[in-house]
Each structure stands twice: as C-alpha cells, then as structure tokens.
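See structure below.
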Amino acid sequence: MAGRSRNTPEQQPSDAEGLLPADYDLADLYGSHSGDEDPDDTAVLIPPIALPTDRELADAALAVPLIARVVALARWVDPHRDVDEHGDLGPEDRVRAARMLGYEDPDEEDVIEAMRAWALACDLGVVETGTTEGGTHIAVPGPDLPAVEAGEPAAVLGLWFEAAELVRELAAEAESVDPEVVEGDVNAGAEDSDGLAEVEDARDQAAEILDEALHVLYETTAFAEPGQETAPLGVLAALLVVPDGEEPDEEMLGEITDLMVVLDPMFGDLAELGLVEHTPIDPELFEEDDEEGAAVDPDRPLTDEDAARFGTVRLTPLGQYAVREWLIADGFDAPLVGDLADHDGPALLRALAADGVLFAEPELKAWLAAREDAAGAARELLAGGRGRDVQSPVRRYFSALGLDQIGDAAVPAVREAVDDPELGGLAREWLRARGEDVAAAERPVALWRVVDSVAAVLLLTAGEGGRLQAVIADLPVTDNPASYFGEMWRVPHPLTAEVLEAVGGLHLDRKVAKEARRAAIKARSLRAGG
C-alpha cells in the first residue's frame, strides 16, 4: 500500500537517553529537516487507532451481505453440487441458488448477483470444485466452512480479509479497463500491444490512487471526533491533490473533480464488502449547468445536502482493520491504541516522548485502565519523568497528563516527589492546582519548572506554531525582563539556552525578546564552560 511521505522528526536511537542538547543542533531538537533531504527517506508516522475486538470485527464481517451469501452458498452445496468443467453451476442450480439466497422469484439480474457471490465463494476456497473418480465435476464445501460458520474470529477475519484484497484489486482493475481498447487488442491478436500496456499502466495508477485515498481516510478517521468520520469525496480528493499549506487553483479544482469521479465507483465496490460506507455521486450532478454548480465551488461551503450529492465516504472499523494490515505489509508501523499498556511507566513515557504526541491521552487512558493500583501507577509515571536528557521535559509533560487522569488517588505519590530535584516544581504546581496544602516552590525550583514547561512545548511543537507563542507570551516576565532573564540564564536545565532563544525569536515585546536573546548567549557560554 502506498504511504504518503511527510517531513516528520526522526526517532532518536534507543540509547538517546542521557544525550544533552549540546549534542544536537537546534534544528535537530526541533525535528526539522534540510530542504535538500529526500522526503521519501523521512519517517512516515501512522497515527494509532482503536479497533474493536476480533470477536466484534468477525461479527461485523459475517453481517456483510456479500459474505453472508458466500457462506450460505458454501453450506448449500453440502454434500456436493454438480458443476461444469469451469466450476460453474448449471442453469437450474443457478436459479435454485438465487432462490436460496432470498430472491423469491429470481430474474436474470438476481441470478447474476447470486453467481457473483458464487464466484467469490470459489475464489476464497469456501467452495471447492473438483472431479470425482467417475469424471463428474462437483463443488463441495471448503474445509474452513465449519470454523467460519461457528464464528471463530481467526477463520472469519481470514476469509473476509482475503475477500477484501480481491475486491480492492478488482476495484482498481475495473476503473482502469477501457472495453474498446481491450476488445480491439484481442481482435488484433496483439498480446503485447500498446493498448494493453496502457491498460496495465492505468490499472497500476488506479490502484495507487485508491491506496493513497485509503491511507488518507485511515488518518482522518484516526483524528476525527466520534461521529465525525464521514468525509465528502471532494474534501478527500483535495487532500490528495492540494499540497499542504496551499489554496487550490483552477487547475487543481479540475483535478479534484476528476479524482472524485475516479474514486467514486471504486469506493462503491469496497462498500459491498463493508470496508467503507459510501454515498455515490449524484448521477445528475454533472449534467447540470456549470452555473448551477457542477463542480466543487471553493467560494461556498458545502451543506450536508451538497456533500451527499458530491458523494461521501466513511472508513468502517473493518476498513480500518484492512488498511492497517496493508500498511503493515508495506513495512509501516501502524500502532493500535493500547499497544503500550503492558509497558512500565518509564517505558511508556519514553515511547510517548519519541512519537506518541498525537494520541498520548488515549494511550495513557489505556495504560491506566490496565492497572488496579492507581497510586502505584502514579509512582511509575513520576519515575518515568525523572532525568535531564533531551526528551525529559516531554516525559514530564506526559507524566503530568497521566496524573491528571488518575486524579485524587495520585495525591500521596505526588506528595512524595515535592522535594525531588526534577519533579519538585511539577509536584508542587500539580498539588496546589488541586487545592492541596503544600508550599509553593522556592524561586530556583520555580524557574527550573518554567524552563522545563516551555521546553516541553518547544519540543512537542517542533519550535513552531501558536501554542508555543502563547506559552511564551504567558511568561511572568513583569516589567523588568533584564532581571527576570538575568536569573533564568543561570537555571541548570539542559534546555535553558534553547528556551531563551525561542523566547527571543517569538515574544512580541521587543524589549523582552532582546533580553531573552542576550540571556541565551550567556546560557550557551555557561554550558560550553561546563
């Protein structure tokens, strides 16, 4: 499955703990990359998702009408049914099969639908065809049918996923085939003709487009609020066409419309197997006059009714399951929320600090849910927050998030840390915010905590964005920045210089920014001198 490359911070090696900021350039700390770097060589971070249990996914797979018909046909052939040399049912059995599937008075279209299910059942091996010793061609149930009928998750999901791979391949193939080209080449007898080569190229291109669309849907579904997972086809196409940070021009709008038309039937095919829920493009839409809005209008936001006419798509949990399997098969790390639940507190925080920013809160919730001793969990999180290496501010940030989720049960453990050289400021701040009777941190500890808090946001935001600027704007500088930064540059924090440089670059008050830059120079000199 094609993955979308993006400029993301490289993960530090496992022995990175203990490295100091002096070992890095500022750009490395911020996670930025050189413009000369090949973007295909940068890491692609796939956001974690939460999936239902295998039992629930298997139940959903068996509820897909096409899969239900496949299983019903496999049971129907027991003990055997006569077929021709190609494994096809005879005319009378085709009608019987359609009637068994619920078509009371099957017409030609009903029989065709039944035979589509029959072909899939044979492709999946849930129906097997062969020849008896007497030379009769027969079909029998496949060996996995009992396990599938019993609802065994491994058997059901194996069957469904194999079907998903077939449908995914056929969807791209159907989109790429030009019947006139194929018919002309067959009639000409040119097996390696230019026309067939074009069809193969078109098939590869359609498959790549579908893979990229599914990847984008996977990510947007992971980020979406519950109930907001449905995407208009126009929005999905725009995400594939328009570069990040740019506005679509007229040419891009045309590409978006073309891409919507390409994706629409392919999503229709995937919907049959339950990978997506799909509302197709209104067939009358493009017959309307351009003045009435035959294409995506960038000047008017889409209403729900518009979105439905332009087509919508939603990746189902089964679809998430399938796309994740394809991503893993292509070598991507596609984690699940809860993958870290069996880690201890320090290991959890190290993993979150490395690349778990996007889904730290769900991961923390899953980790806490796996623990009965809330106070013990709090002590683990506090232990994981210790250290003065380059990632330690982020670990303390996530440690505080976890303590917030634990709540009052964490108070005894946090009280134990009020005099800790690295956790004391955090502990006192956290306790006082909850109304606990504890003295405020002394000035050196309070300043260290300020630097640590800004450093965490600096690292989490890669040194960019409004969030960092908002934190910097809230610094308690008062009206004497020279005095404030005169204290701060002496703070023995591993990122003091970087924090001061960030303040100097982002603070809106010129006087404050100037004093911060001066202090940053002194902090670097102090660190260089040991």
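Checked against the criterion of being over 28 Å from GLU225 (Cβ atoms), among the β-branched types (Val, Ile, Thr) and outside the structural domain of ALA222 (by TED's automatic domain parsing), region 357-375 contains not a single residue that satisfies it. The set of residues in region 344-375 being touching a residue at least 12 places away in the same chain (Cβ under 8 Å), over 20 Å from ALA456 (Cα atoms) and surrounded by fewer than 21 Cβ atoms within 10 Å (Cβ to Cβ) consists of ASP344, LYS365, ALA366, LEU368, ALA369, ALA370, ALA374, ALA375.
Taken together, the criteria place ALA334 among residues that are small (Gly, Ala, Ser) and in contact with a helix residue (DSSP H, G or I) (Cβ under 6 Å, 6 or more places away or on another chain).
Can you confirm whether GLY505 is in the same structural domain as ASP408 (by TED's automatic domain parsing), over 35 Å from the mean Cα position of the chain (by Cα) and not in a loop (DSSP other than H, G, I, E, B)?
Criteria not met by GLY505.
Let's see how each residue does on (1) modelled with pLDDT under 95; (2) outside any helix (DSSP H, G or I); (3) in contact with a helix residue (DSSP H, G or I) (Cβ under 7 Å, 6 or more places away or on another chain):
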| residue | (1), (2), (3) |
| --- | --- |
| ARG99 | no, no, no |
| TYR103 | yes, yes, yes |
| ALA119 | no, no, no |
| ASP123 | no, no, yes |
| GLY135 | yes, yes, no |
| VAL140 | no, yes, no |
| PRO146 | no, no, no |
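Taking the residues in region 473-502 that are of a type in the set (Gly, Ala, Ser) and in contact (Cβ under 8 Å) with a residue 40 or more places away in the chain as candidates, determine which candidate is farthest from ARG449 (Cα to Cα). Here the answer is ALA502.
Of all residues in region 244-267, those being under 30 Å from LEU166 (Cα atoms) and without any contact (Cβ under 8 Å) to a residue 40 or more places away in the chain number 4.
Looking only at residues of region 209-243 that are in contact (Cβ under 8 Å) with a residue 12 or more places away in the chain and acidic (Asp, Glu), we find that the one that is nearest to ILE46 (Cα to Cα) is GLU219. Based on this model, can you work out whether GLU363 counts as closer than 30 Å to LEU495 by Cα, within 15 Å of the chain's Cα centre (by Cα), in a helix (DSSP H, G or I) and of a type in the set (Asp, Glu)? Criteria met by GLU363. Only residues that are over 16 Å from ASP82 (Cα atoms), of a type outside the set (A, V, I, L, M, F, W, C) and surrounded by 16 or more Cβ atoms within 10 Å (Cβ to Cβ) were counted in region 124-168, giving 6. Determine whether ARG300 is basic (Lys, Arg), touching an Asp or Glu at 6+ places or on another chain (Cβ under 8 Å), more than 26 Å from PRO52 (Cβ to Cβ) and modelled with pLDDT under 95. No, not satisfied.
The values are calculated or read from the model by the stated rules, or taken from the named source; none is laboratory data. A quick note: this is a predicted structure, and the numbers were derived from the prediction, not measured. Neighbour counts run over all protein chains shown; Cβ positions are idealised from the backbone, glycine included.
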